[in-house]
1. Could you grab me the full set of residues in segment 153-164 that are open to solvent by 40 Å² or more (accessible area, probe 1.4 Å) and touching a Gly at 6+ places or on another chain (Cβ under 9 Å)?
2. Yes or no: residue 19 farther than 30 Å from residue 164 by Cα and either in a loop (DSSP other than H, G, I, E, B) or at pLDDT 95 or above (or both)?
3. Select from segment 172-195 the residues that are in a helix (DSSP H, G or I), open to solvent by 60 Å² or more (accessible area, probe 1.4 Å) and under 13 Å from residue 133 (Cα atoms) and list them in ascending order.
4. Check off (1) under 19 Å from residue 86 (Cβ atoms); (2) touching a Leu at 6+ places or on another chain (Cβ under 7 Å) for residue 122 and give me the number that stays unchecked.
5. Can you spot a residue in segment 172-183 that is β-branched (Val, Ile, Thr), out of contact with any Lys or Arg (no Cβ under 9 Å at 6 or more places or on another chain) and at pLDDT below 95?
6. Would you check if residue 62 is aliphatic (A, V, I, L, M) and surrounded by 15 or more Cβ atoms within 10 Å (Cβ to Cβ)?
7. Restricting to segment 118-141, give me the number of residues that are within 19 Å of residue 88 (Cα to Cα), touching a residue at least 24 places away in the same chain (Cβ under 8 Å) and in contact with a Ser or Thr (Cβ under 8 Å, 6 or more places away or on another chain).
8. Could you look through segment 50-65, keep only residues that are acidic (Asp, Glu) and in a loop (DSSP other than H, G, I, E, B), and pick out the one that is farthest from residue 97 (Cα to Cα)?
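The values are calculated or read from the model by the stated rules, or taken from the named source; none is laboratory data. These figures come from a predicted structure and were not determined experimentally. As a convention, Cβ positions derive from the backbone with ideal geometry for all residues, glycine included, and neighbour counts pool all protein chains shown. Calculation scope for accessible area: heavy atoms of the full protein, side chains included, ligands and nucleic acids excluded. Shrake-Rupley method; radii C 1.70, N 1.55, O 1.52, S 1.80 Å.
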Amino acid sequence: MPRWTAALALVLLPLVGCGGSDSDPETGANASPSESVGFDQELHDELMAMFRRDQAGRTGGVDNEGDEARTERLKEIIADYGWPTIDLVGKKGADAAWVIAQHSDFEPEFQAEALKLIRAAAEDDQASWGNVAYLEDRVAVAQGAEQTYGTQIGCVKGKAKLATPLVDPDGVDELRAEAGLDPLDAYLAELDKICAHET
């Protein structure tokens, strides 16, 4: 049986839609006071702490919280604020919310709802299109459907393999570029290095 990778965020979070040179290195929020109105430092810090626990649990560290508790808290945050946007929690905080949704595989209906919310946020430049791509593929793979961007990968005999086939193999690199992602061959080559250690 192939072992499908569930921890891609470990590799990709720092690479997807990072803030530019005018952004705060910790929050990813724009340093301009006029554009940082509405930024919630406390919520940003909470999401980042949740993200750190998520990643610790996936790298052999301590995670006394678990995916289920993080998902429940993210639902509460969404009920209170809507999707955590870049303006609200900074780029890194928004990425952290995405990681929590990405790892909510035990609640596929919530993941599908989160996908709608993050897509709407991306349309307002308030979320990363790369994050949308990953969650869209995650939802599709959970349903046994073809994936659009080829982001969901498994390790099979030490090599990276698509978890499900592509909707449009010929156009995948164009779609990935539109989402700010590297070409599929480069992505698979990078993940081959990870899979080589999992044999």
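1. 161, 162 - these are the residues of segment 153-164 that are open to solvent by 40 Å² or more (accessible area, probe 1.4 Å) and touching a Gly at 6+ places or on another chain (Cβ under 9 Å).
2. yes
3. 173, 174, 177, 178
4. (2)
5. As a first pass, look at segment 172-183 and keep what is β-branched (Val, Ile, Thr): 172.
Now narrow it down to the ones that are out of contact with any Lys or Arg (no Cβ under 9 Å at 6 or more places or on another chain): 172.
Subset that is at pLDDT below 95: none.
No, because not a single residue in segment 172-183 is β-branched (Val, Ile, Thr), out of contact with any Lys or Arg (no Cβ under 9 Å at 6 or more places or on another chain) and at pLDDT below 95.
6. no
7. 4
8. 63
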